[in-house]
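Trainee: This structure is in structure tokens; I'll ask about it shortly.
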Amino acid sequence: MPSFEPVLLARIAKPNSAKLETYRADGGYEALKKALAMTPVDVTTLVKDSVLRGRGGAGFPAGLKWTFLPKDHPGPIYLCVNADESEPGTFNNRILMELDPHQLIEGIAIACYAIKSEKAYLYLRYEYGRSYRVLDAAIKECYAAGLLGKNILGTGFNLDIVLHRGAAAYICGEETGLIESLEGKRAWPRIKPPFPAIEGLFRKPTIVNNVETLCCVTHILNRGSEWFKSIGVPPDPANPRDLGSYGPKLYCISGHVNKPGCVELPLGVTARELIDEHAGGVWKGRKAKAVVPGGISMGFLSADELDTPLDFNGPGKAGCLGLGTAAVVVVDDQTSMVDVLYNCCRFMSHESCGQCTPCREGTSWMTKILERIRAGHGKMEDLDTLTEVAGSMGIIPGTTICGLSDGAAWPVKNAIKKFRGDFEEYISSGRRSVTSAQELMAGAH
Amino acid sequence: MPVLSEQIRERIRAEFPKYPDRRAVTLPALHIVHDELRQVSPEAIREISELLEIHPAEIHDTMSFYNFFREPDRPLGKRRVWVCRSISCMLRGGEELLENLSHKWHVGPGQTSADGSVSLEYAECLGACEGAPCILVDDECHMNVSEEDVERIVGKQ
Ligand SMILES: Cc1cc2nc3c(=O)[nH]c(=O)nc-3n(C[C@H](O)[C@H](O)[C@H](O)COP(=O)(O)O)c2cc1C
Ligand code: SF4
Ligand code: FES
């Protein structure tokens, strides 16, 4: 593979990487100047031409989404920056915000100019206290330098960015849950349509974009759409609906590897390359048993699927839900998938907002069945029950409002199908792995 | 005597211009009050509702959804220590860490130590999985921590 120069992470190792001065010394805010000299429509077209796909999990093309806003809307249009990053295994937005906040702020400003918004709300998960303080300082620097506020750079463009902190709930990352939460309500995802571009925050047209997506926008303005498309994977000719997987991507690697971390690579690197070449291999000289390809919602790759390319298509071909957040979690061959799956189900059950019955009940039942198996009381029929429950919940079977439920079902379907032996062995041996920590947690919240 | 000091009220009012309607100030207001008082009492909710000009039930509804804000029956200790229990941390000892701290401090997750110095919580993925196991102390993250590290960080034996 030819060596790849990081773009999004180019500055993070520099001293004072979060400061405006450092950013400007590297040509920061030149992309914004360039954008402001164009028409908003031309900026949108440029982003559309780059085929930048959303980095928040769904992979929807960003430029195309921006064109869904009503034309010549008289009232306010809002941008919501999705910085709720809570998918287990995922931490790239945090790194972008803590170490290079101006790259994000510049992307926000360009996006707002393109969609004619004068107000961006950055919804930040509460747990990112450091990101909050860094962003708050960076935003203040921008106001002082005339890069935010009224009449930015003398062009007549106005923009305010508001930092809004969440309160520790995964569902606030779902775009309409985020909107409800911002409005001061419980974060119950809305039934769509209407989509946020038509009726979103405060009932106004709204675009929701992920932090990494917006950081990419900055570089597309600087270097052009052809540059962006020179990185990554072109559309699969066998799939007429594939738009390709272009651009650099931040991959997070954690779990049982020697060197966990976040690396920037062209979209399409395989799970094996990531583990062996960028994360120092599986720890303790062991082998990988299972690999989460893009956050736990996406399910699992088995050891013989590690050559799957992690682009927008690869994980799906291997039976996973998709690329998701490109967060790779490695599970070694000494770990039981029963324990891993239990952890995933418990998370989803804890985070289900509860408004759809199949999701609320399904996640809870799947967790209880796995609890029972882990307590040594499992039956072989439980495995079919798990698959059946998982098959009945989600947007894909059409029984729920949001995708949390599909993300809860997928790890179950994949685990039982690809690692059935682990479950059967566990049940027939009468093993137990309930620790007193779990018993303790059962009593809390 | 009102529960919310004039200073707290000022901080809440300072949020108003950021949003086109006051209900959107619910979470910011709850955070301001909770940070300061380590709990949000029904009286505090009533006073917030007067400032935001919405019904107290609307605030309570939102607040109870998040499971984050403590009510007076379970106020927080001086430091709130969240131990991550999600997948990457679990694979690298997060659950054992939680268990050991719990035994050592004689508190279950969700409880506050008898001396009021720490509240222990479990957390779902803190977004710091490269540093598993990790903890959050109030809103500051610490990565790759052992039991001893945690005790040093929060100053509790
Ligand atoms: C349960 C659930 C949780 C989500 N969490 C996040 C999140 O934390 N951050 C994020 O950017 N997108 C998240 N998404 C995806 C958003 O709904 C939305 O697609 C995304 O923010 C759009 O931005 P993008 O097009 O730039 O990716 C989540 C979706 C679901 C169903
Ligand atoms: S699918 Fe689950 S999380 Fe999503 S809206 Fe329904 S109950 Fe809530
Ligand atoms: S799983 Fe613990 S920080 Fe992500």
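Trainee: Please state the relative contact order of region B:1-73 as a whole percent: Cα pairs under 8 Å, 6+ residues apart?
Mentor: After rounding, I find 33 percent.
Trainee: Ok, one more. Using alpha carbon coordinates only, what is the Rg to Rh ratio of chain A, with Rh defined as the Kirkwood radius?
Mentor: 0.98
Trainee: Only helices at least 20 Å long along their own axis, judged from Cα atoms, and with Kyte-Doolittle mean hydropathy of -1.0 or greater: name those in chain A from DSSP H.
Mentor: Those that pass (Cα extent of 20 Å or more, hydropathy at least -1.0) are A:101-115, A:129-144, A:337-351, A:357-372, A:404-418.
Trainee: Enter the Cα centre distance for the pair region A:68-114 and region A:10-36, rounded to the nearest angstrom.
Mentor: 17
Trainee: Could you compute the FRET efficiency for residue A:195 and residue A:259, with r as their C-beta to C-beta distance and R0 at 30 Å, rounded to 0.05?
Mentor: 0.15
Trainee: What ranking do A:132, A:121 get, fewest neighbouring Cβ atoms within 10 angstrom at the top?
Mentor: If I rank by nearby Cβ atoms, fewest first, I get A:132, A:121.
Trainee: A further question follows. Let's see if you can work this out: charge +1 on each Lys and Arg Cβ, -1 on each Asp and Glu Cβ, no other charges. What is the dipole magnitude of region A:245-332 about its Cα centre, in debye to the nearest 20?
Mentor: About 260 debye.
Trainee: Now, a different point. Suppose every K and R has +1 on its Cβ and every D and E has -1 on its Cβ; what is the size of the dipole of the protein assembly as shown about the Cα centre, in Debye to the nearest 20?
Mentor: 620
Trainee: Over chain B, one equal point on each Cα, no solvent: what is log10 I(q)/I(0) by the Debye formula at q = 0.12, 0.20, 0.21 Å⁻¹?
Mentor: With one equal scatterer per Cα and no solvent, log10 I(q)/I(0) is -0.59, -1.12, -1.18.
Trainee: How long is the gain from residue A:5 to residue A:287 if the chain were fully straight, where each residue apart is worth 0.36 nm and the alpha carbon distance is subtracted?
Mentor: Full extension from residue A:5 to residue A:287 adds 98.6 nm.
Trainee: In the protein assembly as shown, with Lys and Arg counted as +1 and Asp and Glu as -1 at Cβ, which of these residues, A:209, A:45, A:356, has the Cα nearest the positive end of the dipole, that is, farthest along it?
Mentor: Value: A:45.
Trainee: A follow-up question, please. Report, in deg cm²/dmol and to the nearest 500, the calculated mean residue ellipticity at 222 nm for the protein assembly as shown, where each DSSP H run with n ≥ 4 adds -39500 (n - 2.57) and the sum is divided by the residue count.
Mentor: My calculation for the protein assembly as shown gives -11500 deg cm²/dmol from helical runs alone.
Trainee: Taking each residue of B:138-148 in turn, how many C-beta atoms of other protein chains fall within 10 Å of its C-beta, and what is the average?
Mentor: Counting Cβ atoms of other protein chains within 10 Å of each residue's Cβ and averaging gives 2.
Trainee: Then there is this: Which distance in Å, rounded to a whole number, links the C-alpha centroids of region A:157-233 and region B:101-155?
Mentor: What the calculation gives is 32 Å, centre to centre.
Trainee: Suppose a student asked you for the relative contact order of chain A, using Cα pairs under 8 Å spaced at least 6 residues apart; what percent would you report?
Mentor: 15
Trainee: If Rh is defined by the Kirkwood formula over all Cα pairs and Rg also comes from Cα, what ratio Rg/Rh do you get for region A:337-443?
Mentor: So for region A:337-443, dividing Rg by the Kirkwood Rh gives 0.97.
Trainee: Taking a quarter of the surface of the Cα convex hull of region A:260-416, what do you get in nm²?
Mentor: 9.3
Trainee: Here is a follow-up. Taking R0 as 25 Å, what FRET efficiency do you get between residue B:73 and residue B:138 from their Cβ-Cβ distance, rounded to the nearest 0.05?
Mentor: Calculated value: 0.75.
Trainee: Let me confirm one metric for peptide A:200-211, namely the mean number of other chain beta-carbon atoms within 10 Å of its residues' beta-carbons.
Mentor: 1
Trainee: Can you put A:141, B:53 in order of Cβ neighbours within 10 angstrom, beginning with the fewest?
Mentor: Taking fewest neighbouring Cβ atoms as first place, the list is B:53, A:141.
Trainee: Can you sort B:125, A:359 from fewest to most other Cβ atoms within 10 Å of each residue's own Cβ?
Mentor: Going from sparsest to densest Cβ surroundings: A:359, B:125.
Read-outs: derived from the displayed coordinates by stated rules, not from any lab. Just so we're clear, the structure is a prediction, and the values are computed from it rather than from any experiment. Don't worry about glycine lacking a Cβ; one is built from the backbone with ideal geometry, like all the others, and counts go over all protein chains shown.
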